[in-house]
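Undergrad: This is the structure I want to talk about, given as structure tokens.
The values are calculated or read from the model by the stated rules, or taken from the named source; none is laboratory data. This is a predicted model, so every value here is computed, not measured. Cβ placement follows ideal geometry from the backbone for every residue including glycine, while neighbour counts extend to all protein chains displayed.
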Amino acid sequence: MPWKESTTMSQRLEFVELALKDNANMRALCREYGISPRTGYKWLKRYRAEGEAGLYERSRRPKHSPRQSSLETEAAVLKVRQAQPTWGGRKIQWQLQQEGLAAPVPSTITAILRRQEQIAADESPKHRPMQRFAMEQPNQLWQMDFKGHFEMQNGARCHPLTVLDDHSRFLVGLQACPAERSKRVKIQLEYIFEQYGLPERMLMDNGSVWRGYHTAVSFWLIRLGIQVVHGRPYHPQTQGKDERLHRTLKTDLLRQHQFVDLHDCQSHFDIWREHYNCHRPHEALHMHPPQAHYQPSSRPFTGSFPPIAYQPDDLLRQTDAGGKFRFQRRLFRVGKAFAHCQIALRPTEVDGIFHVFFFKQRLAQIDLRPLKP
């Protein structure tokens, strides 16, 4: 039978005592204990030389490891890790190079962290290379979302609002909000627009604040000339960059502090945002910080709306107080947010199908084709 973990020492002692008897059949004894003759002779030799102490397991670590990192290198790696507890091999390598030190390759740094018990065994499988895509220029697309809310020491809850530039990963906004309300989002966006100008498009999930195009926030953005885009329901990977930002925010900041109130939250948010944008290397940006790839929009925010213009062939209709309009003796609805607005119906290549536009935003598609029997 093979060694049992709970009785390893007693079985080895029993084995060598039987093997030392006169006329002992070594091979038959090894078969009985489920070990190879080589293993059996090894334990017998150790017992004769050292007694019972020779039956204990010995470290398999080699006495000499010429390829192992020096103590100085390991100390430098651990120093960076201590200052940045969430950084992995690539970022630590980048930081050592910035300091003019000879930096090991990322896999060696990871091995050092694992050997020094700085990485949990179950953490590595969570980090896999991902397929990345990005806009070609800054401000072509901003991603906006609320990070999961958390309780503060005063008993209230903070709802972090994040706005991220897709091209550069530059965090244009990180605001501590008391609730997920349209009015609060609009106030924060006005502040962000005044600093960085207007993006071409904004991507959001299907949260209640901006679900569909039927909210005050969505209407306001569209009226400013910003195209509103929504991710597919139950597909958070559509906003993968913002989701990844939330994970970094949670690991680097939210888990490290207990916040007193919203003012305390915003103070920490501002400090962390400056570090994230200007100092923290980003692997998707070739270890550059986001600021190195960002520049403000050329579209300034003036607070006023641009004039609405439609194409010459558009069919124009006026919505009522409920956001409804009539076309070819049928009633359609685009939402209360578009009450008393002029909308345009634009024919498609398919006869009987029209796109419904408000300003530059396509709101819906209507099908006037007769139903098939």
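Undergrad: So, in the range 282-305, how many residues would count as being in the same structural domain as I192 (by TED's automatic domain parsing) and charged (D, E, K, R)?
TA: Looking only at that region, the number is 1.
Undergrad: Identify the residue in the range 344-371 that is among the β-branched types (V, I, T) and assigned to a strand (DSSP E or B) and, among all such residues, is farthest from the chain's Cα centre (by Cα). Steps first, please.
TA: Our first condition is that a residue be among the β-branched types (V, I, T); within the range 344-371, this holds for 348, 350, 353, 356, 366.
Add one more test, that the residue is assigned to a strand (DSSP E or B), and what stays is 353, 356, 366.
Values: I353: 40, V356: 35, I366: 37 Å.
The extreme case among them is I353.
Undergrad: Got a sec? Which of A321, A284 is farther than 21 Å from H159 by Cβ, in a helix (DSSP H, G or I) and in contact (Cβ under 8 Å) with a residue 12 or more places away in the chain? Working first, answer last.
TA: Details: A321 fails: in a helix (DSSP H, G or I).
Just one listed residue meets the conditions, A284.
Undergrad: (1) surrounded by 12 or more Cβ atoms within 10 Å (Cβ to Cβ); (2) outside any loop (DSSP other than H, G, I, E, B): which one isn't true of L316, the others all being true?
TA: Condition not satisfied by L316: (1).
Residue by residue, here is whether (1) touching a helix residue (DSSP H, G or I) at 6+ places or on another chain (Cβ under 7 Å); (2) assigned to a helix (DSSP H, G or I); (3) modelled with pLDDT of 95 or more holds:
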position: S208; (1), (2), (3): no, no, no
position: H214; (1), (2), (3): yes, no, no
position: V228; (1), (2), (3): yes, no, no
position: Q237; (1), (2), (3): no, yes, no
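Undergrad: Return the total of residues in the range 172-184 being of a type in the set (A, V, I, L, M) and surrounded by fewer than 23 Cβ atoms within 10 Å (Cβ to Cβ). Don't jump to the end; show me each part of the working.
TA: Of the residues in the range 172-184, the ones of a type in the set (A, V, I, L, M) are 172, 174, 176, 179.
If we keep only those that are surrounded by fewer than 23 Cβ atoms within 10 Å (Cβ to Cβ) too, we end up with 176, 179.
The qualifying residues number 2.
Undergrad: Further, regarding this structure: Among residues belonging to the range 335-363 that are among the aliphatic types (A, V, I, L, M) and at pLDDT 90 or above, point out the one that is farthest from V217 (Cα to Cα). Explain how you work it out, then say what you get.
TA: Pass one, the range 335-363, residues among the aliphatic types (A, V, I, L, M): 337, 339, 343-345, 350, 353, 356, 363.
Narrowing the set further to residues that are at pLDDT 90 or above leaves 339, 343-345, 350, 353, 356, 363.
Numbers: A339: 14, I343: 18, A344: 21, L345: 23, V350: 32, I353: 28, V356: 19, L363: 15 Å.
Within the range 335-363, the match that is farthest from V217 (Cα to Cα) is V350.
Undergrad: Restricting attention to the range 122-150, which residues are farther than 22 Å from Y294 by Cα and either part of a loop (DSSP other than H, G, I, E, B) or modelled with pLDDT under 90 (or both)?
TA: D122, E123, S124, P125, K126, H127, R128, P129, M130, K147, G148, H149 - these are the residues of the range 122-150 that are farther than 22 Å from Y294 by Cα and either part of a loop (DSSP other than H, G, I, E, B) or modelled with pLDDT under 90 (or both).
Undergrad: Looking at this structure, is F259 closer than 30 Å to E151 by Cα, assigned to a loop (DSSP other than H, G, I, E, B) and of a type outside the set (S, T, N, Q)? If you could, list the steps in order and put the result at the bottom.
TA: Details: closer than 30 Å to E151 by Cα: yes; assigned to a loop (DSSP other than H, G, I, E, B): yes; of a type outside the set (S, T, N, Q): yes.
Against the criterion (closer than 30 Å to E151 by Cα, assigned to a loop (DSSP other than H, G, I, E, B) and of a type outside the set (S, T, N, Q)), F259 qualifies.
Undergrad: Looking at the structure I just gave you, is Q153 at pLDDT 95 or above and out of contact with any strand residue (DSSP E or B) (no Cβ under 9 Å at 6 or more places or on another chain)? So that I can check it myself, show each step before the final result.
TA: Values: at pLDDT 95 or above: yes; out of contact with any strand residue (DSSP E or B) (no Cβ under 9 Å at 6 or more places or on another chain): yes.
Criteria met by Q153.
Undergrad: With respect to the numbered conditions (1) modelled with pLDDT of 90 or more; (2) polar (S, T, N, Q); (3) within 20 Å of the chain's Cα centre (by Cα); (4) in a loop (DSSP other than H, G, I, E, B), which one is the sole condition not fulfilled by N277?
TA: (4)
Undergrad: Report the residue count in the range 151-189 for those that are acidic (D, E), outside any loop (DSSP other than H, G, I, E, B) and either touching a Leu at 6+ places or on another chain (Cβ under 7 Å) or in contact (Cβ under 8 Å) with a residue 60 or more places away in the chain (or both). Give the steps one after another, and end with the answer.
TA: We begin by selecting, within the range 151-189, every residue acidic (D, E); these are 151, 165-166, 180.
In the following step, the residues that additionally are outside any loop (DSSP other than H, G, I, E, B) were identified as 151, 165.
Now restrict to residues that are either touching a Leu at 6+ places or on another chain (Cβ under 7 Å) or in contact (Cβ under 8 Å) with a residue 60 or more places away in the chain (or both): 165.
Residues that pass the stated criteria total 1.
Undergrad: I'm trying to understand the selection: among the residues of the range 12-28, which are in contact with a Phe, Trp or Tyr (Cβ under 7 Å, 6 or more places away or on another chain) and either surrounded by fewer than 18 Cβ atoms within 10 Å (Cβ to Cβ) or β-branched (V, I, T) (or both)?
TA: Just the residues of the range 12-28 that are in contact with a Phe, Trp or Tyr (Cβ under 7 Å, 6 or more places away or on another chain), to begin with: 12, 15-16.
Residue satisfying the conditions is V16 alone.
Undergrad: Here is a further query. Being in the same structural domain as L171 (by TED's automatic domain parsing) and β-branched (V, I, T) is the requirement here; does I308 meet it? It would help to see each step written out before you state the result.
TA: Details: in the same structural domain as L171 (by TED's automatic domain parsing): no; β-branched (V, I, T): yes.
Spelling it out, it is not the case that I308 is in the same structural domain as L171 (by TED's automatic domain parsing) and β-branched (V, I, T).
Undergrad: Quick one: which of T251, T302 is of a type in the set (S, T, N, Q) and surrounded by 12 or more Cβ atoms within 10 Å (Cβ to Cβ)?
TA: Numbers: T302 fails: surrounded by 12 or more Cβ atoms within 10 Å (Cβ to Cβ).
Just a single option satisfies the conditions, and that option is T251.
Undergrad: Looking at the range 1-20, which of its residues are at pLDDT 85 or above and either part of a loop (DSSP other than H, G, I, E, B) or among the hydrophobic types (A, V, I, L, M, F, W, C) (or both)?
TA: L13, F15, V16, L18, A19, L20
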